[in-house]
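J.: Mind having a look at this structure? Questions to follow.
The values are calculated or read from the model by the stated rules, or taken from the named source; none is laboratory data. Remember, predicted model here, so these are calculated numbers, not experimental data. As a convention, Cβ positions derive from the backbone with ideal geometry for all residues, glycine included, and neighbour counts pool all protein chains shown. Accessible surface is based on the protein model in full, side chains and every heavy atom, while ligands, DNA and RNA are left aside. Shrake-Rupley method; radii C 1.70, N 1.55, O 1.52, S 1.80 Å.
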Amino acid sequence: MPARWVTADEAYGQDSKFRTRVEQHRIGYVLAVPRNQRIPTAVGNSRPDVLAAGAPVEAWKRRSCGDGAKGPRLYDWATATLPDTGTDGYRHWLLIRRSIANPDDRAYYLCFGPADTDDETLIRVAGTRWAIEECFQSAKTEVGLDHYQVRRYDAWYRHITLVLWAHAYLAVTTAHAKRGTQNLIMNSSCPSVSARSAVSWHT
């Protein structure tokens, strides 16, 4: 199936071969990376946590990355444009998520996509990982995704297909019941260049 975006955890995010392969297919990605991941900047390689420590106050924007069980998932986010690597029409970014309650709790994402991609899109894609993980957990607890004891592929395939159909029905039914309750906090942003910064923070 065609896809515009890929998102994944650190196991995939720190795999340069995986990132390169996705880029070759011109598919955007928002991939989690560890804080010590080496990333290119205008003054050489650096680490996400080091760059985050130097982010200006104006770079941090409070936004929702999607709705959770208790409403919008609000975090402080900062986005920095990384140096152009010669991919026509595409850019790389560093996206940082910071907890409101505990500012030391941060997550880092390497991003790639069309050059006109805005911060809200990157944040939205980052937030879809929770939805995917919740989907798997819900399918396990509600319709028995992990309750198969089969040895053959065709039996496993039938089980998974029926489970996913059942889960899809429940998801659609729930969505209709909650229609109109989504609220996202959107703020406009534009890149700004600082002469002292290794990256271009969006403020």
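J.: Within region 138-169, track down each residue that is in a helix (DSSP H, G or I), of a type outside the set (A, V, I, L, M, F, W, C) and exposed (fewer than 12 other Cβ atoms within 10 Å of the Cβ). First the steps, then the outcome.
T.: Pass one, region 138-169, residues in a helix (DSSP H, G or I): 138-143, 153-169.
In the following step, the residues that additionally are of a type outside the set (A, V, I, L, M, F, W, C) were identified as 138, 140-142, 153-154, 157-159, 161, 167, 169.
Within region 138-169, 141, 153, 154, 157, 161, 169 qualify.
J.: Pairs, please: C-beta under 7 Å, at least 6 apart or cross-chain, first residue over 17 Å from residue 135 (Cα atoms) and in region 153-172, second modelled with pLDDT under 90 and surrounded by 11 or more Cβ atoms within 10 Å (Cβ to Cβ)?
T.: Going by the 7 Å Cβ cut-off, the qualifying pairs are 156/148; 156/150.
J.: Counting only residues that are open to solvent by 20 Å² or more (accessible area, probe 1.4 Å), under 19 Å from residue 111 (Cβ atoms) and either of a type in the set (A, V, I, L, M, F, W, C) or in a helix (DSSP H, G or I) (or both), how many does region 56-83 have?
T.: 1
J.: Now for a separate question. What single numbered condition from (1) touching a Leu at 6+ places or on another chain (Cβ under 8 Å); (2) surrounded by 13 or more Cβ atoms within 10 Å (Cβ to Cβ) fails to hold for residue 107?
T.: The number of the failed condition is (1).
J.: Now, a different point. Return the residues of region 59-84 that are among the acidic types (Asp, Glu) and closer than 15 Å to residue 99 by Cα; say none if nothing qualifies.
T.: Here is the first cut: in region 59-84, the residues among the acidic types (Asp, Glu) are 67, 76, 84.
Within region 59-84, just 76 meets the criteria.
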